[in-house]
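Asks: This is the structure, below, for whatever I ask next.
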Amino acid sequence: MRFFQMSPGMSTQYLLNSYPWEKYTTVVDVGGSHGLLSIDLVQRFPHLRCTVQDLPEVIASAPKDVHRVEFQGHDFFTPQPVYGADVYLFRAIFHNWGDKYCVQILRNLIPALKKGARVVVNDHVVPAPGVLGCYKEQSVRGFDSVMKATFNSRERSVEDWRKFIMQTDERFIVRQVIEPEGIQLGILDVEWMG
Ligand SMILES: C[S@@+](CC[C@H](N)C(=O)[O-])C[C@H]1O[C@@H](n2cnc3c(N)ncnc32)[C@H](O)[C@@H]1O
């Protein structure tokens, strides 16, 4: 993960710059590892408070005493314990899992969601076939095969993402899909209609 994080296309800055964080106060960073993204978020937006969740063994070695960032052991295959946050953020989580597991992870949020809560999915979005040049196309499709071979998962197009979210629950509405230039991760802004 450290190796991938170092790639310029994985920089947290794209998500910080491209999403209206000023509208929200509380963020839950699900599968947030050691809080790289949340720490950047609270530094840039002093009004934000973040809860970083990951498996207890990961949280055990997370930094302590980060102002406005709380760390919490949580398995995302169990119900979400933080109720009523403004934003639930999933960065580079779903692309490791096949659709049936992604649906379980997202459904585990539902009891905790208030009406109007946002689910922000910051993950790989593959372009339609033929859009990229030959070399890039080969690299993207190659990565898709790697995801299949190693995790039995896959990379998803915008349409695949929409389908997975609607299939989870029709009360999730995809409000916008942001694809900042130069980044490997798109941003799906999803609203819970309750
Ligand atoms: C690809 S990393 C992404 C980390 C972080 N969101 C980021 O963008 O830097 C996936 C993360 O999911 C966490 N994870 C895997 N299974 C999990 C589970 N069942 N519950 C919670 N976190 C889990 C891993 O420990 C890891 O930190």
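The values are calculated or read from the model by the stated rules, or taken from the named source; none is laboratory data. Worth saying up front: this structure is predicted, and the values here are computed from it rather than measured. Because the Cβ atoms are built from the backbone with ideal geometry, glycine has one as well, and the counts that use them run over all protein chains shown.
Asks: Only residues that are surrounded by 14 or more Cβ atoms within 10 Å (Cβ to Cβ) and not basic (K, R): list them for the range 141-156, please.
Replies: F143, D144, M147, S153, E155
Yes or no, residue by residue, for (1) closer than 23 Å to V28 by Cα; (2) free of Cβ contacts under 8 Å to residues at least 12 places away in the same chain; (3) in a loop (DSSP other than H, G, I, E, B):
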| site | (1), (2), (3) |
| --- | --- |
| Y135 | no, yes, no |
| V146 | no, yes, no |
| R154 | no, no, yes |
| R175 | yes, no, no |
| G186 | yes, no, no |
| V190 | yes, no, no |
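Asks: Does V87 satisfy the condition of being more than 11 Å from the ligand (Cβ to nearest atom) and either within 17 Å of the chain's Cα centre (by Cα) or modelled with pLDDT of 95 or more (or both)?
Replies: yes
Asks: Could I ask something else about it? Condition (residue is among the acidic types (D, E), farther than 14 Å from A92 by Cβ and modelled with pLDDT of 95 or more) applied to the range 29-39: is it met by at least one residue?
Replies: no
Asks: Next up: Please go through the range 114-133 and give me each residue that is of a type in the set (V, I, T) and under 24 Å from D29 (Cα atoms), ordered by number.
Replies: Across the range 114-133, the qualifying residues are V119, V120, V121, V125, V126.
Asks: I'd like to know if the range 95-105 contains one or more residues that are free of Cβ contacts under 8 Å to residues at least 60 places away in the same chain and part of a loop (DSSP other than H, G, I, E, B).
Replies: Yes, because at least one residue in the range 95-105 is free of Cβ contacts under 8 Å to residues at least 60 places away in the same chain and part of a loop (DSSP other than H, G, I, E, B).
Asks: Based on this model, can you work out whether R118 counts as within 14 Å of the chain's Cα centre (by Cα), within 22 Å of R175 (Cβ to Cβ) and away from the ligand (no atom under 15 Å from the Cβ)?
Replies: Judged against the criteria, R118 is a match.
Asks: How many of the residues making up the range 4-63 are small (G, A, S), assigned to a helix (DSSP H, G or I) and surrounded by 20 or more Cβ atoms within 10 Å (Cβ to Cβ)?
Replies: 1
Asks: Taking interchain pairs and intrachain pairs at least six residues apart, which have beta carbon atoms under 7 angstrom, with the first residue in the range 18-41 and farther than 25 Å from R107 by Cβ and the second of a type in the set (F, W, Y) and assigned to a helix (DSSP H, G or I)?
Replies: Listed pairs, sorted by first residue: L41/W21.
Asks: Does any residue in the range 71-83 that is farther than 15 Å from I93 by Cα and at pLDDT below 95 come within less than 6 Å, Cβ to Cβ, of a residue that is more than 9 Å from the ligand (Cβ to nearest atom) and in a loop (DSSP other than H, G, I, E, B) six or more places away or on a different chain, and which pairs are these?
Replies: none
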